[in-house]
Structure formats: C-alpha cells, structure tokens
Amino acid sequence: MTDELLEKYNIPVPRYTSYPPANYFSDSFTNQNYEDAIRASNNQQPQHISFYIHIPFCRHLCHYCGCNSFAMMNETKVNEYLKAVHKEIDKVTQLLDNRRMIAQIHYGGGSPTSIPVERLRELNEHLLDRFKTIENPEIAIECHPGYLDESYWQSLTEAGFNRISLGVQDFDANVLKTVNRRPSLLPLETIFGILRAAGVRINMDFIYGLPHQTVESFTRTIEQAIALNPDRLVTFSYAHVPWVNKSQLILEKAGLPASEVKSNMYDSARQTLKSAGYLPVGLDHFVRPDDELYTALQTKALHRNFQGYCTRRTTGQVYAFGVTGISQLSTAYSQNIKDIAGYIEQINSGTFAVVKGYSLTREEQITREAIESLMCNGSLDWEERADQFNIPVEEFRAATSYDANKMEQFAADGLITYSDKKIQLTPAGNLFVRNVAASLDKLMIHSTKSFSKPV
C-alpha cells in the first residue's frame, strides 16, 4: 500500500455495520413503528431469530471506546435495569411467532461480564424458554478478562455460552495503561483451559492504531495470541471519533500512530496470521480453514450485523434489548434510548423505549444487499443479487449509485477488478472495501454525516 493510495482513500466513510448507517436514523420513528415492524417481521426473511442484549456497565471506562458504555452503578440500579430488560423481552417476544427459532444470542456492552454471572444465566433462560433453537445456535458474550476469576469463567460455561470473545486489545503494558485498559486478571492459558474443557469456542479481540503501538510491538502481540491458538482472532482498526467519546482526546495528546503505520500494522498482522494458518474473513476477522465463517465466505453465505460477522445459518432478524440496543429487522431498524433511567422508566410504563429508527425503501433494501455482498464476500455479482429480488440486473444496479468511471479508477489503483457482471476486491482493496461500498451508496452523494477513516 503506497503513501499516495493511503492519502487518496483514507477518508471518512461509513463502517456499514448497517445500511443505511445508524447516523441516518430518525426520531420520527416511533414506538408504534417498532411494534408494527416486529409484527411484520414474522412474515419476512430471514425467519430465524437473533437476540442482542446490551449490558452498558463497565468497572471503568477505556479511553478508546466508542461504544455506549456507563460507569458501573450500585447493585440496586443494576437490578432495576435488568428487571426492565426482562420486561422488554416479554413485550417483544409476545409479538413474535413462537414457531420461529433462535439462531443467535449475543451480549455486548459496556462489559457484559461486569454483572453477576447468575443474572446472565437468567437472561439466557428467559429467551430459551420462549423459543426452540436451531441446531448448534451461537450464544456469545463479550468479556473483559481484567476482573474475572476462575469461578466466573467456569460459571459462564455453565450458563449456556458456547462462544466467548476475550477483549485483550493488546499485550503491551504501556499501551494498556495509556488507554486505561486493565490486563487479564488470570493468565490467558488458565482461561483457555477452562473454556476449552467445556467445549467453548474462543475469539480474541485486538485493536491497532493506539498510542505507543508500533508495527513491531503489535506483531509481537499477534504472535502471543497465535501461541494460544484461539478459534478466531479479530484485529479492529481504532476508530477515532472524539465527537462520540471525548475521552479519545486523551489519546490524541498521547499521540496516535500515522495512517501509514496503522496500515503496516495491519499488513504485518495479516501476514503473521497467514503464516500461522489463519485465513482472513471480511474486514478484520482471521479464522482457521475449518471455521464456519470461512466456509460461509467460500459459499457466499457470510453475513454481517452490528454484532459482527456471522453465517447465514446463524443469521436472524435481530431484536435488541437494553439501552441503545439496535434491532435490525428485514425492513426497519429501531434503536432504544441511551439514558438508563429513561429506559427503565419507559419500559416500566408499559411502552417500548425507542428513540429513533429507520424504515427502508425498496431501493434501500437493494442497496443494502449490494453493499453487504462487498463487505462480507469481497465481491458483487450483479445477476446473482438481482435474482434474489426477482428483478432485472439493470433495475438492481439503478437502485445504487453505480458509476463506471469510479469503478475504472478503483481498478486503476489496484483495489478491484470489474466487469458488467461483477465487482471483485483485490487483496489490496480489502483495506478500502468501505470506500468501494460507499461509491454505491446514493446517500453519500450529498452526505454531511461524520464517519471514521478506514485506516
């Protein structure tokens, strides 16, 4: 990757965890709109159900975080929050067809493991008592290993979780101290032993682009991770969005690596992982050749939502619970309010707690399919995707902002190969898939929204 290409393409563009992105959601979307969308979703695809539960609490807040997190509250407040989540579960699930099946349950935050594991078990049981599951559903949780002892890890395996993501971020003590991240309480070898004995699949999450990281230091971190042999390893590019989290300004003062250094960190990590037998999936995942995600990539059955990459098998329409939770239905998105007290008050009053959302037009549904194909599978076969909507290729392409001149420029810069039938990312183009996707997005033509940079 040359400095010229970095300068040209390292510009703010959406992350496309949804289409349209969340900053296009409108407060004109109401509780009633959400209820109507839930009812309609019973007759839409996919039929499988995904549940997302947002636990917003953290023992302390990391400076880099762009998530919706809050400092840990007292036990009474936490229990009030969790009771409201259970009530919201009741309110949503009574609108769902009980013949549908759970494919995925995912806990995010915040730090979901900031609360007692018994509360997590109760939430799992609440959902699993309402619906049957597909064979081998994914029940996953994001964990901060900085506070968890052996008993907690063992209890997690007994609470029904079969995939656990360890938020390590970096092994370098100076990096962790600067970003206000606590290292693992236990040796990771001990944690792996407990989880492996229970048959739990393990992800490890890392962030590159933080203060004091160098290509050499981040490569060492990845080498240490590989030695533990996780099932999946994820390298997130640090997203500098101080308008979302002002604490990120602290990292500015500490000094952030230049874009070309970040790019080299990723390249080195990718090569190190490849040499160890891991294969790239999507923007940031690396997996073993026998991993379900890699199989899905090969068969064009990879999917992506706010919780990350998943397969079509474990994909469902997402129904989210808790503050800031975003439900991703076939034709609508709905996001809950961000204030914990307000969320509890609204749920206890018997209503939903929607703050904003979005109803997709038919054209936007088509564009979403095109962008998702690029983001997940690294390619876009126009005829194949048009067939999904039972429309001509010309109509499908016209729903996007496809511009042959832009494609020609991407191709000249070595990011894609393309023809009238297909767009295919090159290995060099993977880093800038968001730019290629944005070129198909009509909403970007006159956009004034703020986004992070790819690198």
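Length gained on full extension, Phe236 to Lys8, computed as 0.36 nm times the residue gap minus the Cα-Cα distance: 79.9 nm. Only one of (1) 22.1; (2) 23.4; (3) 20.3 was calculated from the structure for mean projected area of the Cα convex hull in nm², and its label is (3).
Applying the Karplus relation 6.51 cos²θ - 1.76 cosθ + 1.60 with θ = phi - 60° to the range 162-178 yields 3J(HN,Hα) values of 10, 9, 10, 9, 8, x, 7, 6, 5, 9, 7, 4, 5, 4, 4, 4, 5 Hz, where x marks Gly and Pro. For a label point 7 Å from the Cα of Val261 along Cα→C-beta, name the residues of the range 212-227 whose backbone N is under 12 Å from it. Taking a point 7 Å out along Cα→Cβ of Val261, the residues of the range 212-227 whose backbone N falls under 12 Å are 212-218. Taken about its Cα centre, the range 361-455 carries a charge dipole of roughly 420 debye when the Cβ of each Lys and Arg holds +1 and the Cβ of each Asp and Glu holds -1.
Applying 1/(1 + (r/R0)^6) with R0 = 22 Å to the Cβ-Cβ distance of Thr190 and Arg59 gives a FRET efficiency near 0.65. Highest mean first, the peptides 406-419, 198-211 sorted by other C-beta atoms within 10 Å per residue fall in the order 198-211, 406-419.
What lysines could a cross-link reach from Lys338, if we take a straight Cα to Cα line under 30 Å and drop same-chain neighbours fewer than 8 places away? Of all the lysines, those that pass the test against Lys338 - Cα under 30 Å, at least 8 places apart if same chain - are Lys77, Lys83, Lys87, Lys91, Lys177, Lys246, Lys253, Lys356, Lys442, Lys449, Lys453. In a simple Cβ point-charge model (Lys, Arg +1; Asp, Glu -1; nothing else charged), the range 22-321 has a dipole of about 320 debye relative to its Cα centre. Considering only Ser447, Gln388, Ser401, and ranking their Cα positions along the charge dipole of the range 361-455 that arises from unit charges at the beta-carbon of Lys, Arg, Asp and Glu, the one farthest toward the positive end is Ser447.
Between the listed residues Val241, Thr133, His54, the Cα displaced farthest toward the positive end of the dipole of the chain, a dipole computed from Cβ unit charges relative to the Cα centre, is found at His54.
Given Asn174, Ser217, Leu251, which one lies farthest toward the positive end of the charge dipole of the range 148-301, if we put +1 on the Cβ of every Lys and Arg and -1 on the Cβ of every Asp and Glu? About the Cα centre, the residue reaching furthest to the positive side is Leu251.
A Förster radius of 25 Å combined with the Cβ-Cβ distance from Ser26 to Glu345 puts the calculated FRET efficiency at roughly 0.65. Per-residue Karplus couplings for the range 231-246, computed as 6.51 cos²θ - 1.76 cosθ + 1.60 with θ equal to phi - 60°, are listed in order as 5, 9, 10, 10, 10, 8, 6, 4, 9, 8, 10, x, 6, 8, 9, 5 Hz, Gly and Pro entered as x.
Label positions at Gln424 and Asn98, each projected 7 Å from the Cα along the C-beta direction, are separated by 5.0 nm. Less than 5 angstrom separates the built amide H of Val281 from those of Phe286, Val287, all sequence-distant by 5 or more or on a different chain. In sequence order, the range 37-47 has phi-based couplings of 5, 4, 4, 5, 5, 5, 10, 10, 9, x, 7 Hz under the Karplus curve 6.51 cos²θ - 1.76 cosθ + 1.60, θ = phi - 60°, and Gly or Pro positions carry x. With the simple spin-label model, which puts each label point 7 Å out from Cα in the Cβ direction, the Lys177 to Ser359 separation comes to 5.6 nm.
Please give the calculated 222 nm ellipticity per residue for the chain, where each DSSP H segment of at least 4 residues contributes -39500 (n - 2.57) and the sum is spread over every residue; nearest 500 deg cm²/dmol?
Working: 17 runs with 176 residues, N = 455.
Taking each H run of at least 4 residues, the total per residue is -11500 deg cm²/dmol.
Along its principal axes, the range 361-455 has C-alpha extents of 36, 30, 24 angstrom, given from the largest down. Stretching the chain fully between Arg288 and Ala197 yields a gain of 30.8 nm (0.36 nm per residue, less the alpha carbon separation). Take every Cα pair under 8 Å whose residues are at least 6 apart in sequence, average their separation, divide by the length of the chain, and the relative contact order is 22 percent. Between Asn42 and Glu125, the FRET efficiency from the beta-carbon distance, with R0 = 25 Å, is close to 0.60. Per-residue extension of 0.36 nm, minus the Cα-Cα distance of Arg220 and Gln388, leaves a gain of 56.0 nm for this segment. The overall shape of the range 1-110, judged from the alpha-carbon gyration tensor, is oblate: a/c is not under 1.5, and a/b is no greater than b/c. The simple spin-label model puts a point 7 Å past each Cα toward its Cβ; for Glu252 and Ser379 those points are separated by 4.3 nm.
No lab work stands behind these numbers, since they all come straight from the coordinates. On a predicted model such as this, the values are computed, not experimentally measured, just so you know. FYI the Cβ positions are ideal-geometry reconstructions off the backbone, even for glycines, and counts take in every protein chain you see.
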